[in-house]
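Data first, discussion second: the structure below is written as structure tokens.
The values are calculated or read from the model by the stated rules, or taken from the named source; none is laboratory data. Source: prediction; values computed, not measured. Neighbour counts run over all protein chains shown; Cβ positions are idealised from the backbone, glycine included. Keep in mind that these areas ignore ligands, DNA and RNA; they rest on the heavy atoms of the full protein, side chains included. Shrake-Rupley method; radii C 1.70, N 1.55, O 1.52, S 1.80 Å.
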Amino acid sequence: MQETTGQTSGDGRTTGTARILAMVAMIVAYAAAGAFFRGVLKTDYLWSHLGYVPIVFACAWWGMRGIAVVPILAAVNVPICLAWGPGGGWWSVAGRAAAFLLAGICVGVVSERFAAERAARKACEDFYRALSDKAIVGIAVCRRGEIIIANPRLCAMLGRDVRELIGRKISDFLDSRDATAVGGMLEGIARDAGAEVRCECRLRRGDGSLVWADVGIAPFSSGDRDGLLFCAYDITARKEAEAKRVELTEIARRQEDILVHSTRLAELGEMAAAIAHELNQPLTGIRNYAKNAAFMLEKGAGSREEMAENLRQISAQVDRAARIIGQMRDLTRRRERQFAPVDVNAAVRESIEFLMPQFRLTGVEVGMELGRDVPKIMGDRIRLEQVFLNLLTNARQAMEESEERKLKVVTRSEPGDVPLVAIEITDTGRGFGEAERAKMFTPFYTTKKPGQGTGLGLSISLRIVRDHGGTISAEGRPGRGATFTVRLPAAPGEEKS
Ligand code: ADP
């Protein structure tokens, strides 16, 4: 850049010197023509007009400064007039000098205006070139499908020299996966001249690697020039971050599924005693009815109808045991999230039924007030049941040391801008203070004995409820029980369950 400037000023000096020499030659020629015309031809015709030639050149080259030649030319007249007498008198000499001055001023003004316009145009071009050079977007101008201008940012994005871009087509640099889509857009622009298009696409760099770009293509026309303006903003970093985030979200989701599953298994482990107790009842029934039927057969006692009744009872007890085992299997099964309309009352009822053996075993009195007008919600029923099971189990465990063991479960609809369904679980357990309340939703916070609590139940429940667009709040007082309230948005268009 600096080298170019030095050359330009050197060229300027050479031109300046050549012009001065040319000017001296023209003045000398004017003087010689004066001597020849006045001395030999004895006439003023023609030579007096020759003076305008150096004036026009001087003012075209140097603007108003060129007027400096006017007094020199006027002075040339003096010795000629003294030698051969003034042609039209001294007044005519003075008039010629005034005409020279007028011509010089006119040419000087016009030439300076041209020079100012040229300078302004150049400054404007330099400004737009600097903008294009410093732009943080890659810019190319295409005419008849070929690139005719490319800025440095586009060259850097594509990892190519500007000479490798000029004359090529934009489509030469598109990744094959995006070529069809972008080609279709370019055709759209060709059909509808005013259209502008924008898309995210992959461009191929010189070294074969890919760069993601947010591309805008717009037709333009300026004077007699028209073509396509192509702007590309490098979004590779954003695209990579997005891909990473999706990958991490998927990993987090899988981890959470595993955690939910593990806490469920932990709960089941804790419930083993209650389940054994629950299964014991149908098994005892089956044994008694079977013994009874065998006795009747051996001794020939009892009617056919009594024997059939025993067998029916055995079948009913088998069904009951199968139901308990089925529920356990459902609870332990790991599965993908499935969102569908959920009847909250039914989910709450099922969760309570599932834990009923434990409630019975530990003497917990369960009260239910399930609202009739509770709308359905959109959610994953199994995951929501996991939340209810966790809150109900926590409530039961919190009442282990209490004399009064009352559990109350209420569901109701809460109208509003976003209609909600509230599920309230209140216990008469040990409760908690403000400090504990602030910590209980953080993972691994537990006050339970080692082996009894993982400290994950509430944090997982909170995640599940938030996944459903809902909230969980906890209220309690030390020694005075606790209330946990889950609020979930009603499914759109659902009025009643
Ligand atoms: P975990 O039950 O494995 O300890 P949670 O995240 O479910 O883990 O609960 C964290 C803690 O919150 C419990 O250890 C307990 O101290 C407190 N907590 C939860 N529910 C209740 C409740 N109903 N009453 C009193 N404290 C509770």
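Numbers at a glance
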quantity	calculated
Residue identified as more than 16 Å from A482 (Cβ to Cβ), within 16 Å of the ligand (Cβ to nearest atom) and of a type outside the set (K, R) among F441, F388, F359, F432	F359
Hey, T442 under 43 Å from the mean Cα position of the chain (by Cα) and open to solvent by 40 Å² or more (accessible area, probe 1.4 Å) or not	yes
Elements of type helices (runs of 4 or more DSSP H) in the stretch 152-223, at least 2 residues being open to solvent by 70 Å² or more (accessible area, probe 1.4 Å), at pLDDT below 90 and over 20 Å from D133 (Cβ atoms)	176-191
Leading residue by the ranking (least open to solvent (accessible area, probe 1.4 Å)) among those in the stretch 400-426 that are under 19 Å from V465 (Cβ atoms) and within 10 Å of the ligand (Cβ to nearest atom)	I425
Contacts under 7 angstrom Cβ, first residue in the stretch 236-264 being within 25 Å of R202 (Cβ to Cβ), partner more than 16 Å from the ligand (Cβ to nearest atom), 6 or more apart	T236/V211; T236/W212; K239/W212
Identity of the residue in the stretch 324-345, surrounded by 14 or more Cβ atoms within 10 Å (Cβ to Cβ) and more than 41 Å from the chain's Cα centre (by Cα), that ends up modelled with the lowest pLDDT	Q327
Residue that is touching a Ser or Thr at 6+ places or on another chain (Cβ under 9 Å) and either assigned to a helix (DSSP H, G or I) or open to solvent by 50 Å² or more (accessible area, probe 1.4 Å) (or both), where the choices are R430, R437	R430
Test: R463 is open to solvent by 40 Å² or more (accessible area, probe 1.4 Å), in a helix (DSSP H, G or I), more than 8 Å from the ligand (Cβ to nearest atom) and at pLDDT below 90	yes
Matching residues in the stretch 227-247 - criterion: being under 17 Å from the mean Cα position of the chain (by Cα) and open to solvent by 50 Å² or more (accessible area, probe 1.4 Å)	Y233, D234, A237, R238, E240, A241, E242, A243, K244, R245, V246, E247
Boolean, I148 is modelled with pLDDT of 90 or more, under 49 Å from the mean Cα position of the chain (by Cα) and open to solvent by 30 Å² or more (accessible area, probe 1.4 Å)	yes
Filtered residues of the stretch 126-137 (kept if free of Cβ contacts under 8 Å to residues at least 40 places away in the same chain and open to solvent by 100 Å² or more (accessible area, probe 1.4 Å))	F127, Y128, R129, K134
Qualifying residue in the stretch 33-46 (condition: touching a Phe, Trp or Tyr at 6+ places or on another chain (Cβ under 7 Å), at pLDDT 90 or above and within 27 Å of A83 (Cα to Cα))	yes
Selection from the stretch 362-399 of residues that are outside any loop (DSSP other than H, G, I, E, B), open to solvent by 10 Å² or more (accessible area, probe 1.4 Å) and within 19 Å of G493 (Cβ to Cβ)	M378, R381
For Q358: the one exception among (1) at pLDDT 80 or above; (2) open to solvent by less than 40 Å² (accessible area, probe 1.4 Å); (3) under 19 Å from V465 (Cβ atoms)	(3)
Whichever residue in the stretch 466-496 is more than 16 Å from the ligand (Cβ to nearest atom) and small (G, A, S) and, among such residues, is nearest to the chain's Cα centre (by Cα)	G469
Residues (under 18 Å from F36 (Cβ atoms) and aromatic (F, W, Y)) located in the stretch 69-118	W84
Residues (in contact (Cβ under 8 Å) with a residue 40 or more places away in the chain and among the acidic types (D, E)) located in the stretch 65-123	E112
Hey, A321 modelled with pLDDT of 70 or more, open to solvent by less than 40 Å² (accessible area, probe 1.4 Å) and outside any helix (DSSP H, G or I) or not	no
